[in-house]
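**Q** Shown below is the structure under consideration.
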Amino acid sequence: MSHDPLDMMIGVESAKRDAEAAQKHAQAARAAEERGEHELALAEYTKAVAADPTNASVMFRLAYLLDLAGLDEEASEYYERVCEFKPAPINALMNLAVLYEDQGHYVKAERCLRQILETNPNHARGRLFMKDVQASREMVIEEEQDRDVFKRKALLDTPVTDFELSVRARTCLKKMNIRTLGDLLRITEAELMSYKNFGESSLLEIKRMLQVKGLRLGQGLEDAHRAARRAIMEQLKGSGKEAVLGKPVTDLNLSVRARRALQLLNIQTLGDLASHTEAELMGVKNFGATSLVEVRERLTEHGLALRVLEAD
């Protein structure tokens, strides 16, 4: 940085000329506005801002005219620059929030409104618009979730015959009544391998096919268990009984046969157990009706029950 007196004088003079030029362009812009010549006004305000980018009021006026003209991106850019001044003008923050909301940038819109409400908590328009933005944001999230659920359901309903599998693998799946991808995800590797004529090569073939889609055997059961645990937690919410879900199954004092079955299914807590169905327990070797009655009774003592499989 130069400290030469001559350079400093030239710098001051240059800044003075820029400020004067900015003032002239701003005056011309205001006159054009009064005559209704909006394009000329925009051109003159643009020149004024270029000559003196430190004038927040002139920059705001340029942003506002761009906003009225429907030039949202350009308007947003100048509003953003105005909001960099400290403190950020409330009118600029408000207008920018409206633009962001129109463009679907709900997080950015919320950020602007929070700045307004931090400065003025009782700003009526700011508070009202914050509710609108948050409602719009929640609606978009719900729509996205609905789309995801629809896409996932369509994928799970895809027939296994649509996938490139060997004749042996297809025949085995058909005999096991596995018709769709969803059916396949609800079965475990051990269950497939226990089926007659279902070999290692068929298993590897199916696992590769699922891996390409980011899926795996048994995933459907895991998803169902997670959803069931969340549902039970929601039911118990506020009752003071939520802690029961985290209790270890060893607290139930089950018979050796029942305990072994739960170990094979990797059931460690009462919440895990309540997320399983009777059919899942009965599918474990040596787990019979007596063990099932035992498990039901112990769960009932804790206000819980095994998951009931909903009909499709």
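The values are calculated or read from the model by the stated rules, or taken from the named source; none is laboratory data. If you're wondering where the values come from, they're calculated on a predicted model, not measured in any experiment. Glycine gets a Cβ as well: all are built from the backbone with ideal geometry, and neighbour counts include every protein chain shown.
**Q** Condition check: surrounded by fewer than 20 Cβ atoms within 10 Å (Cβ to Cβ), in contact with a Gly (Cβ under 9 Å, 6 or more places away or on another chain), part of a helix (DSSP H, G or I) and not polar (S, T, N, Q). Does Met130 satisfy that?
**A** Considered against the rule, which asks whether it is surrounded by fewer than 20 Cβ atoms within 10 Å (Cβ to Cβ), in contact with a Gly (Cβ under 9 Å, 6 or more places away or on another chain), part of a helix (DSSP H, G or I) and not polar (S, T, N, Q), Met130 comes out as no.
**Q** Checking Ile267 against (1) in contact with a Lys or Arg (Cβ under 9 Å, 6 or more places away or on another chain); (2) surrounded by 19 or more Cβ atoms within 10 Å (Cβ to Cβ); (3) free of Cβ contacts under 8 Å to residues at least 24 places away in the same chain, only one condition comes out false. Which one?
**A** (1)
**Q** Is it true that some residue in segment 106-116 is exposed (fewer than 14 other Cβ atoms within 10 Å of the Cβ), without any contact (Cβ under 8 Å) to a residue 40 or more places away in the chain and part of a loop (DSSP other than H, G, I, E, B)?
**A** no
**Q** Right, next: Residues Gly303, Gly283: which one is in contact with a Lys or Arg (Cβ under 7 Å, 6 or more places away or on another chain) and touching a residue at least 40 places away in the same chain (Cβ under 8 Å)?
**A** Checking each option against the conditions leaves just Gly303.
Here is a yes/no grid of residues against (1) in contact with an Asp or Glu (Cβ under 6 Å, 6 or more places away or on another chain); (2) among the hydrophobic types (A, V, I, L, M, F, W, C):
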residue: Glu164; (1), (2): no, no
residue: Thr180; (1), (2): yes, no
residue: Glu189; (1), (2): no, no
residue: Glu234; (1), (2): no, no
residue: Ala243; (1), (2): no, yes
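**Q** Also, I was wondering about something else. May I ask you to say which residue of Ala243, Ala228, Ala258 is within 20 Å of Ile187 (Cα to Cα) and part of a helix (DSSP H, G or I)?
**A** Matching residue, one of Ala243, Ala228, Ala258: Ala228.
**Q** Picking from Leu185, Leu192, Leu217, Leu210, which residue would you name as being at pLDDT 80 or above and more than 24 Å from the chain's Cα centre (by Cα)?
**A** The conditions single out Leu210.
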